[in-house]
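Visitor: First the structure, then my questions, so here it is.
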Amino acid sequence: MVGLLNLSCLGLGYVLLRNWIGAAVCWIATAVLLVMALPADVDGVPLGLLAGYGVFLLLAAADGARRGLRATLRIGDSFRRLALPLALVLLAVPAGGSLAYGAARDEAKEQALLERLAAADELVKSADGLAFDKAEPIYRRALADYQDLGIGHAGSRAGKLVPARLDAYYTTVSGPYEKKEYCAAIAPLKHLRELPGTFDKDLLGARPAKTDEPLAHSLYECGTAALGVQTANPPASESLNALYDTFPKSVHATRVEPAVRAAIKTRTTALTGGAAPCDTTNELRALRSSLDNMTDPAVEGATKEAASAVQKGDFSCGTFQFRSKDFGDAGKTMTQYAKDYPNSPQAAHARSIAIAAEIAEEEPEAGKKLPPAEVPGGGRMVMVVSNDGPGSVELLYTGPMTGKVTLKACGTCTKYSSLIPRGGKVKACTGPSSKYPKATLLLPAGDYHFLQKRAATGTSTAGDTKSSKAKIESGYSYTNCLYVTSLF
């Protein structure tokens, strides 16, 4: 009886024997165990402590039994009859305590798992609104916890909440799509769609498949919005190629080709009478570049339309620059046009505009109006141009007719001094006619502007570039002597 009472963890056997020291030792041992064990946590009581306490109880029971057998107890018969059953009943104290502790420990585990779930929820919340490349590592950490809770602790309260958390996760990550931020939505939606490669498929269920439509829509909207935008990131071709490759049968893939043609038509229309044809042309060039990088045959026809629109835009840009007196850029644009489209019906006109623009840079009056696209008919007057100067010379002219001619260098010709007596004049081209390289121009009547550009001869002198103008009248022939003057 004394031994059983000591097994109750309360040292009651020693109390019965009035062995207060033994009872106190039992109380202290039990108090130490309670301090170490409570409150119950996930890890529970260390195994060594439990084993040590178990050995202590057995020793206390054996020692109590030994002392009880030798002791003479002055107790009544009624107590003797109740003592042994009471001792057996009191054995329920450690057993019940063990069960209660196990239940408390299980609850602690549940709470720890719920806290872990809440921490994963906070990770998802903290990543919401960040750029996806920065948010994705945070999302991955939350997913790892969700997966472990949903699989490793599926029966726990936290594990049973994982499906709802995954629904919330898909809603959060696809937030940019709901806000119609289509380009920003592409990476998150791809992430959600590709999760079965890294996350338990059974836990995900049908969620990844539900991202197909939003992703296809986002690729279409992002790609078509980037058409004609030079700085688009991502470029239109990247998004639209991804749409064709990933969802070739989707309704959004069939919308690409009409959208591209509409974008081309809108900009082509804007070239006629538009306020900024050069900007529009740059948009068309960017659009054509995007189409050149697309591989689907559905856009081949649109690619040709874009190339034709860019050609039209280049010419419109050049004429706009000329009319805006931006002669330097007009000359560059039209010179490049003639190089890029040598077989174009407008190539000759572009070359004429480039020549007129170069003359107008020196003599703005030459840029009052565009050179005519067609050379006027009727009679032509002869103008013989001679080179009486060192180095070859290029003569540009514009008026009813625009063009240029290059004269070879005159081997025996020198510069003329500009320091001549008052009333005197330079006596250029007065030697034998055969001495000077010549070119003959046949010009319709009208007012002309000329610009001579002499090749460098080792020194820079006044007269290397010179503008002039002349009136060509019907029934006359003309001569034009090109020479160089210097200050000495």
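Visitor: Sorted by average packing, counted as other Cβ atoms within 10 angstrom per residue and highest first, what order do 395-405, 331-341, 116-126 take?
Guide: Ranked from most to least packed, the peptides come out as 395-405, 331-341, 116-126.
Visitor: Next question. How far apart, in nanometres, would the label points at K369 and K180 be if each is projected 7 angstrom from Cα along the Cα-to-Cβ direction?
Guide: Spacing of the two 7 Å Cα→Cβ label points: 5.0 nm.
Visitor: For Q346, which sequence-distant residues (separation of 5 or more, or a different chain) have an amide H within less than 5 Å of its own amide H, given hydrogens modelled in the peptide plane?
Guide: Those qualifying (amide H under 5 Å, at least 5 residues apart or on another chain) number zero.
Visitor: Which lysines have a Cα lying under 28 Å from the Cα of K160, excluding residues fewer than 8 positions away in the same chain?
Guide: Leaving aside lysines fewer than 8 places away in the same chain, those within reach of K160 are K109, K125, K190, K201, K210.
Visitor: Output ³J(HN,Hα) for the range 195-210: one whole-Hz value per residue in order, computed from phi by the Karplus curve 6.51 cos²θ - 1.76 cosθ + 1.60 with θ = phi - 60°, and x for Gly and Pro.
Guide: So the J values, rounded to whole Hz, are 4, x, x, 10, 10, 4, 5, 5, 5, 6, x, 8, 4, x, 5, 6.
Visitor: Which lysines, on any chain, are close to K304 with Cα under 18 Å apart, when same-chain ones fewer than 8 places away are left out?
Guide: Within the straight-line limit of under 18 Å, K304 reaches these lysines: K265, K312.
Visitor: Can you work out the Karplus-derived ³J(HN,Hα) for every residue in the range 274-291? Use 6.51 cos²θ - 1.76 cosθ + 1.60 with θ = phi - 60°, whole Hz, and x for glycine or proline.
Guide: Ordered by residue, 3J(HN,Hα) equals x, 7, 9, x, 5, 5, 4, 5, 4, 5, 5, 5, 5, 5, 5, 4, 4, 5 Hz.
Visitor: Give me the number: length gained by fully extending A108 to T295, i.e. 0.36 nm times residue separation minus the C-alpha to C-alpha distance, one decimal in nm. Each step should come with its number before you reach the end.
Guide: On the way: separation 187, 0.36 × 187 = 67.32 nm, distance 5.92 nm.
61.4 nm is the gain from fully extending A108 to T295.
Visitor: Please give, to one decimal in nm, the separation of the simple spin-label points placed at D202 and K125, each 7 Å out from Cα toward the Cβ.
Guide: If labels sit at D202 and K125, their model points lie 3.1 nm apart.
Visitor: Still on this structure, please answer the following. Can you list the aspartates and glutamates whose alpha carbon is less than 15 Å from that of K471, not counting same-chain residues fewer than 8 positions off?
Guide: In chain and number order, the partners are E365, D447.
Readers should treat all values here as calculations from the given coordinates under stated rules, not as data from a laboratory. Bear in mind the structure is a predicted one, so any value in this text is a computation, not a measurement. Quick reminder, even Gly has a Cβ in these numbers, built from the backbone with ideal geometry, and neighbours come from all protein chains shown.
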